[in-house]
Amino acid sequence: MSNYTYLAVNAAGKRKKGGIEAASLEKAQEFLKMEGLTPIKVAEQGVLDKEINFGITGRVKPRDLSVFCRQFVSILNAGVTVTSALEMLSEQTKNKKLQQAISDTKNGIEKGETLSEAMRSHSDVFPDLLINMVEAGEASGSLETSFERMATHFEKSAKLSGIMKKAMIYPCAIAIVATIVIIIMLVFVIPQFQDMFDEMGTKMPAITVAVVNASNFLIHKWYICVGVVALVITIFQLYRTSEQGKIVFAKIGLRAPLLGALTVKSSSARLARTLSTLMSSGIPLVNAIDITAKSMSNLLVKQALIHSKEEVEKGVPLSEPIKASGVFPPLVHHMIRIGEETGGVDHMLDKVADYYDEEVELQTQTLTAAMEPIIILVLAAIVCVIIAAVMSPMLSMYSGMEDM
């Protein structure tokens with residue numbers, strides 16, 4: 001399969017350009033004609049086109065999916081058919097990967113597939129959660145309701161992800177700025193003082209010698225520093241993706257001060273929201289737990305849910321393996337147990353999700369507030385070391401002059 005760029009005209013005479021994947025140039029032209037387009041120019045993508053295409057067809061974000069679901073519901077409620085709705089959405093969707101998936105889904109429906117079957121062929125774009133919700137909606141005749149629930153789910157997921165990212169942006173930005181400042185001082189500022197230190201003819205303090213040596217090493221042997229950093233990053237990535245590394249980092253993610261609490265609460269919010277959304281649409285509990293487990297990023301949380309699914313298959317209430325896992329806060333299994341006793345698990349999970357959404361926001365504010373003074377202290381310590389290295393020889397010289 002090759003990638004082709006095309007310029008075509010639709011039935012209304014409007015020009016349209018984009019990208020398409022096909023086995024050959026002729027197949028690409030045939031596909032465009034099937035789409036109701038008259039090809040003007042079709043050419044295989046060059047290197048530059050592929051790089052640009054890679055940049056614009058990356059991962060489909062929850063925000064994109066929430067907009068898709070919300071617009072799809074609005075169009076269906078206006079009495080438009082599913083295929084027409086998909087055609088409208090494919091033309092106005094900005095994300096190219098999602099746009100292509102919507103267009104292919106429309107083609108699948110026209111070939112006789114159901115909406116969920118057509119979407120399942122693009123599982124890299126449409127998550128299992130959405131596909132199963134659509135399948136449940138088709139079976140119950142409430143497709144609009146399923147998309148409405150998924151729109152709300154993706155909106156809340158996007159908000160939760162945004163809060164998590166916001167908590168990490170500040171310390172990362174400060175760390176990058178601090179690194180740049182330190183490099184500038186060692187490469188450009190310290191060498192200017194080094195000539196003055198040499199002219200003094202006095203023995204420099206150990207801290208000054210250390211900083212000057214670090215400056216010389218960075219200037220003359222910078223490639224070693226780059227190599228060491230690249231090696232450390234490579235080893236880190238290899239270990240992080242290994243089975244043992246995943247377990248270690250999962251434990252750190254759950255137990256690290258401040259950050260661990262944020263991970264636990266965000267995982268609890270995602271668990272409750274996803275399970276509630278699936279169960280409220282009539283999806284069996286075992287299937288709902290399996291889909292929820294796949295959506296979890298922390299390995300220990302995922303393993304806890306997989307074990308919970310196995311226990312539920314044996315007839316054990318969900319609240320018991322959730323409690324035994326020790327991963328989730330007590331409120332989660334208490335609320336699930338109450339829901340099991342009253343027959344309203346999905347309703348209780350909704351309340352848990354709302355509670356932990358607020359907790360994640362508060363924990364993010366706490367984390368940011370706690371990290372600010374820590375970062376300031378670290379930066380102050382680094383600056384003090386450099387200032388001490390510069391000022392110590394001067395103070396020693398002045399002391400010697402006074403003694404004379």
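Values in this text are rule-based calculations from the coordinates and carry no lab data. Just so you know, these numbers come straight off a predicted model, no measurement behind them. Counting neighbours? That spans all protein chains shown, and the Cβs are built from the backbone with ideal geometry, glycine included.
Side notes on the structure shown:
- Ranked 278, 76, criterion: other C-beta atoms within 10 Å, fewest first: 76, 278
- Label-point separation in nm, residue 372 to residue 74, each point 7 Å along Cα→Cβ: 3.8 nm
- Computed helical MRE - 222 nm, the chain, DSSP H runs ≥ 4 contributing -39500 (n - 2.57), nearest 500: -25500 deg cm²/dmol
- Relative contact order %, the stretch 246-403, counting alpha carbon pairs below 8 Å whose residues are six or more apart: 25 percent
- Its Cα centre serving as origin, the stretch 280-404 has a Cβ charge dipole (Lys and Arg +1, Asp and Glu -1) of approximately 360 debye.
- Net length gained if the chain between residue 383 and residue 7 were fully extended (0.36 nm per residue, minus Cα distance): 129.6 nm
- Crossing angle, helix 222-241 versus the chain [Cα axis fit, 0-90 degrees, rounded to tens]: 40 degrees
- GNM remark for the chain: springs join alpha carbons under 10 Å apart, and the peak mean-square fluctuation among 290, 346, 354 falls on 354.
- The label-point distance for residue 121 and residue 43, in a model that sets each label 7 Å from Cα toward Cβ, rounds to 3.0 nm.
- This model, with +1 at the C-beta of Lys and Arg and -1 at the C-beta of Asp and Glu, gives the stretch 206-342 a dipole about its Cα centre of some 440 debye.
- Given [x] 85, 47, 42; [y] 99, 65, 36; [z] 98, 40, 38, the label whose value is Cα extents along the principal axes in Å derived from this model: [y]
- J(HN,Hα) series, the stretch 182-188, from Karplus relation 6.51 cos²θ - 1.76 cosθ + 1.60, nearest Hz, glycine and proline x: 5, 4, 4, 5, 6, 8, 10
- Among 292, 145, 277, the residue with the largest mean-square fluctuation in a Gaussian network model of the chain, with springs joining Cα atoms closer than 10 Å, is 145.
- Potential lengthening between residue 391 and residue 152 on full extension [0.36 nm per residue; Cα-Cα distance subtracted]: 80.1 nm
- Within the listed set 167, 136, 388, the residue fluctuating most in the Gaussian network model of the chain (springs between alpha-carbon atoms under 10 angstrom) is 388.
- With neighbour counts taken as other beta-carbon atoms within 10 Å, the residues 270, 337, 149 rank, fewest first, as 337, 149, 270.
- With a Förster radius of 41 Å applied to the beta-carbon distance between residue 361 and residue 243, the computed FRET efficiency rounds to 0.75.
- Among 208, 105, 342, the order by Cβ neighbours within 10 angstrom, fewest to most, reads 342, 208, 105.
- The relative contact order of the chain comes to 13 percent, based on Cα pairs under 8 Å that sit 6 or more residues apart.
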